[in-house]
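Single-structure report; data block below.
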Amino acid sequence: MRAVALIGLVGLVGLAAAGVATPSIAQSAYDYPWCALRGDRGGGQSCYFATREQCETTLSGIGGVCIRSPYYRGPYVRRPHY
């Protein structure tokens, strides 16, 4: 009986947490202005850096170069509706 009560309590807590949580917007490479090009032969590209310094810090010690993202369009600006 205690196990059933405990499961019910956990379920209620989970529902309460889900009700309080706010929806988030998925992040993609289009949301970040800097890309890291790794120095290995694989040529991996990772475009998830908000600043050049963040990108350079990530690449320090492993090699590579930071470039401006070809996908970044800038922040979304809501235009006034007339």
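Table for the structure above
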quantity	calculated
Per-residue ³J(HN,Hα) for segment 38-48, Karplus 6.51 cos²θ - 1.76 cosθ + 1.60, θ = phi - 60°, Hz, x for Gly and Pro	6, x, 7, 6, x, x, x, 10, 10, 10, 10
Placed amide H near Gly64: partners under 5 Å, 5+ positions off or other chain	Gly39
Length released on extending from His81 to Glu53, taking residue separation times 0.36 nm less the Cα-Cα span	6.4 nm
Residue-by-residue Karplus 3J(HN,Hα) for segment 53-58, coefficients 6.51, -1.76, 1.60, Hz, glycine and proline x	4, 4, 5, 5, 5, 5
14 Å reach of a label modelled at Gln45, 7 Å along Cα-to-Cβ, counting backbone N of segment 64-82	65-73
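Laboratory data are not the source of any read-out in this text; all were calculated from the coordinates shown. The structure presented is a predicted model; accordingly, all values stated were derived computationally and were not measured. Note that each Cβ is placed from the backbone with ideal geometry, even for glycine, and that neighbours are counted across all protein chains shown.
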